[in-house]
């Protein structure tokens with residue numbers, strides 16, 4: 001038995017615990033351990049270290065689970081309230097989007113007519129049309145952001 | 001294969017799907033059951049990570065709140081406990097970042113921080129003869145001391161592997177480390193733990 005056998009055995013002892021061994025390696029290791037007291041002691045001390053690690057336990061405050069359940073339940077209700085508050089906003093957004101698409105050709109013609117009668121350059125009334133589309137969304141985002149911030153602060 | 005892309009084969013896909021649906025619905029009964037089922041393992045893990053009972057309790061509650069809020073992000077290909085530990089670990093890292101100057105920022109680099117301390121007890125406590133109890137406490141103290149001498153990154157993988165019985169790929173996902181790193185930490189950690197415990201033998 002040479003040094004490399006002992007090194008191999010030590011490596012396989014750890015590998016067996018961490019990753020598992022192939023049957024051939026297991027067979028070789030078992031045979032080696034039978035004839036090598038030092039490696040056998042190494043295997044036993046490794047097993048003992050792992051068993052000790054598994055034996056560690058902690059004391060959990062019996063109230064912790066009850067408190068956590070209560071907290072989770074409270075937070076769930078809070079989230080449901082938030083969800084119900086957001087639902088009308090989403091409905092309004094959806095309706096606004098549909099209406100916007102449906103009325104876009106009319107709005108375009110309206111802006112074109114206004115621009116022509118006011119003698120505005122094409123770029124100006126086109127810009128007005130873009131603002132007509134984006135401003136309501138921007139205002140909504142700002143209002144919602146402010147509302148969320150106020151809720152977070154509370 | 002990267003840890004983050006590793007897919008965990010669930011032994012019971014239907015059960016996992018039901019779990020995912022329950023988490024999405026924020027089913028109160030499911031949450032009560034999950035808290036009851038995983039409270040011990042989660043608290044033990046947090047206590048080990050933080051080394052403080054009080055902080056572990058706070059983070060325990062925060063973890064469940066986060067599970068409630070992010071339930072829709074749970075992937076059925078993950079084991080629930082691996083996902084739970086990942087959330088707990090992220091919250092612990094956030095907590096460490098918020099700690100006053102001098103505190104460690106990364107569990108992977110943590111040295112003296114987050115040593116397992118108060119609140120640990122022998123598994124045998126509360127049962128057996130006074131001699132068994134004393135021996136159990138002594139053994140527990142010896143393991144605790146040996147663990148305390150290991151770098152935090154080694155302790156974490158050892159506990160996830162041998163206490164929580166997570167697969168190597170799951171540990172890699174929880175700790176956001178490559179599989180090769182997890183293996184290397186396990187081999188070195190186990191060797192160091194064994195040697196330290198041998199040295200401290202009465």
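Anything in segment A:33-49 that is farther than 16 Å from residue A:7 by Cβ and touching a helix residue (DSSP H, G or I) at 6+ places or on another chain (Cβ under 6 Å)? List them, or say none.
A:45, A:49
Inside segment A:31-47, can you point out the residues that are closer than 26 Å to residue B:155 by Cα and more than 7 Å from chain B (Cβ to nearest Cβ)?
Listed by number, the residues that qualify are A:39, A:40, A:41, A:42, A:43, A:44, A:47.
Name the residue, out of A:89, A:72, A:65, A:98, that is loosely packed, with under 11 Cβ neighbours inside 10 Å and part of a helix (DSSP H, G or I). Break it down into steps so the answer makes sense when it comes.
On the way: A:89 fails: loosely packed, with under 11 Cβ neighbours inside 10 Å; A:72 fails: loosely packed, with under 11 Cβ neighbours inside 10 Å; A:65 fails: loosely packed, with under 11 Cβ neighbours inside 10 Å.
Just a single option satisfies the conditions, and that option is A:98.
If you take the residues in segment B:189-200 that are surrounded by fewer than 17 Cβ atoms within 10 Å (Cβ to Cβ) and more than 9 Å from chain A (Cβ to nearest Cβ), which one is farthest from residue B:41 (Cα to Cα)?
B:199
Does segment A:37-55 contain any residue that is surrounded by 11 or more Cβ atoms within 10 Å (Cβ to Cβ) and touching a strand residue (DSSP E or B) at 6+ places or on another chain (Cβ under 7 Å)?
So far as segment A:37-55 goes, yes, one or more of its residues are surrounded by 11 or more Cβ atoms within 10 Å (Cβ to Cβ) and touching a strand residue (DSSP E or B) at 6+ places or on another chain (Cβ under 7 Å).
Quick check on segment B:1-20: of everything there that is assigned to a helix (DSSP H, G or I) and surrounded by 15 or more Cβ atoms within 10 Å (Cβ to Cβ), which residue is modelled with the lowest pLDDT?
This residue is B:16.
Please enumerate the residues belonging to segment B:52-77 that are farther than 25 Å from residue A:82 by Cα and either within 11 Å of chain A (Cβ to nearest Cβ) or crowded, with 21+ Cβ neighbours inside 10 Å (or both).
B:53, B:54, B:56, B:57
Taking only segment A:9-25 into account, find how many residues are in contact (Cβ under 8 Å) with a residue 12 or more places away in the chain and away from chain B (no Cβ under 14 Å).
Counting residues in segment A:9-25 that are in contact (Cβ under 8 Å) with a residue 12 or more places away in the chain and away from chain B (no Cβ under 14 Å) gives 1.
The values are calculated or read from the model by the stated rules, or taken from the named source; none is laboratory data. Computed from a prediction, not measured in an experiment: that's the story for all the values here. Note: ideal-geometry Cβ built from the backbone for every residue, glycine included; neighbour counts use all protein chains shown.
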